[in-house]
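Asks: Questions regarding the structure given below will be posed in turn.
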Amino acid sequence: MNSVSDVSQNLYASTLNAYRNTSGTLDKDAFLRLLVTELKNQNPMEPMDNREFISQMAQFSTLEQISNLSNSIEKFVETESVAMKLNAVGLIGKKVVIEGKSLQLESGQTDSIIFSLDENAEVVLKIYDENGTLVSMENLGTLEAGMHSYLWDGRSNDGVMLPDGEYTYELKAITPEGEKEIGGLEEGEIEAVQFSDDGIYVIVNGNKYPIDSVKEVSA
């Protein structure tokens with residue numbers, strides 16, 4: 001015949017399995033039910049030690065605090081996400097300066113490439129077609145720190161007029177410390193905002209950019 005202690009342990013084990021959630025872990029409600037079950041079915045000749053009881057209550061308190069903190073963080077993230085989306089929608093129709101690398105060639109004409117230098121540097125410009133093929137490269141010379149612009153004529157290194165389409169460019173500043181890539185700046189109006197799993201995007205001049213590419217906003 002099983003002792004009272006054995007019966008209590010078997011009941012505790014069966015209750016433990018019953019209260020496990022689908023992920024195989026115990027939530028705070030299940031923990032509390034288990035504690036009550038253990039107290040109700042403990043061996044009256046060997047009641048739970050005070051230290052053991054305090055230890056289990058401390059575990060329960062910690063579990064509840066972690067659960068509450070997790071819920072608070074989840075609600076905060078949801079609120080921040082909604083706020084960011086509302087702020088992004090409010091940018092529609094605004095004029096912006098955005099960091100980009102695209103050029104739209106149409107009838108031999110394109111917008112100026114605008115860029116900024118933190119210090120005097122030699123600047124090299126490379127332009128690629130939609131297939132990533134280098135079609136034009138030019139050394140713009142040594143330029144002073146500040147804002148600069150360059151208007152590409154739409155021609156290849158051989159002087160041939162290239163077909164209309166979308167091109168990308170790369171700017172590199174060469175200094176005594178080495179070379180680094182410079183982000184070009186484009187002006188335009190935010191036409192739309194898109195939301196996706198990997199972030200928020202704005203549509204400017206028909207092109208899609210991450211919202212953190214926006215450097216300046218004006219009415």
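Just so you know, all these numbers are worked out from the coordinates, no wet-lab data involved. Here the structure is a predicted model, which is why all the values come from computation and not from measurement. Ideal geometry is used to build each Cβ from the backbone, glycine not excepted, and the neighbour counts take in all protein chains shown.
Asks: By a straight-distance test (C-alpha under 16 Å), which lysines pair with Lys126 as possible cross-link partners, with residues fewer than eight away in the same chain excluded?
Replies: In chain and number order, the partners are Lys101, Lys172, Lys180.
Asks: A further question on this structure: Using 0.36 nm per residue, how much length does the chain from Lys95 to Glu122 gain when fully extended, once their Cα-Cα distance is taken away?
Replies: Working: separation 27, 0.36 × 27 = 9.72 nm, distance 3.06 nm.
Extending this stretch completely gives an extra 6.7 nm.
Asks: On a full-extension model of 0.36 nm per residue, what is the gain between Asp197 and Glu166, subtracting their alpha-carbon distance, rounded to one decimal in nm?
Replies: On the way: separation 31, 0.36 × 31 = 11.16 nm, distance 2.61 nm.
8.5 nm is the gain from fully extending Asp197 to Glu166.
Asks: Which of Ser72, Ser136, Ser156 has the fewest other C-beta atoms within 10 Å, and how do the rest follow up to the most? Intermediate results must be reported in sequence, preceding the final value.
Replies: Working: Ser72 10, Ser136 19, Ser156 14.
In order of increasing Cβ crowding within 10 Å: Ser72, Ser156, Ser136.
Asks: Also: What is the local net charge at Ile203, summed over the other residues whose Cβ is closer than 13 Å to its Cβ (Lys, Arg +1; Asp, Glu -1)? Display every interim value, and only then the final one.
Replies: Numbers: positive: Lys94, Lys208; negative: Glu186, Glu189, Glu191.
Surrounding charge for Ile203 is -1.
Asks: Something else about it: So how far apart, in nm, are the two label points at Thr142 and Ile174 if each is 7 Å from Cα heading toward Cβ?
Replies: 1.2
Asks: Give me Asp111, Asp153 ranked fewest to most by other Cβ atoms within 10 Å of their Cβ, as a rough exposure proxy. Write down the numbers at each step before the final one.
Replies: Details: Asp111 17, Asp153 12.
Final ranking by Cβ density, sparse to dense: Asp153, Asp111.
Asks: Same structure, new question: Taking the alpha-carbon distance from Lys75 and a cut-off under 28 Å, which lysines remain once sequence neighbours fewer than 8 residues away in the same chain are dropped?
Replies: Within the straight-line limit of under 28 Å, Lys75 reaches these lysines: Lys28, Lys85.
Asks: Here's something else I'd like to know. Between Glu130 and Glu189, how high is the FRET efficiency from 1/(1 + (r/R0)^6) when r is the Cβ-Cβ distance and R₀ = 25 Å? Nearest 0.05. Let's see the in-between values first.
Replies: On the way: r = 24 Å, r/R0 = 0.96.
About 0.55, to the nearest 0.05.
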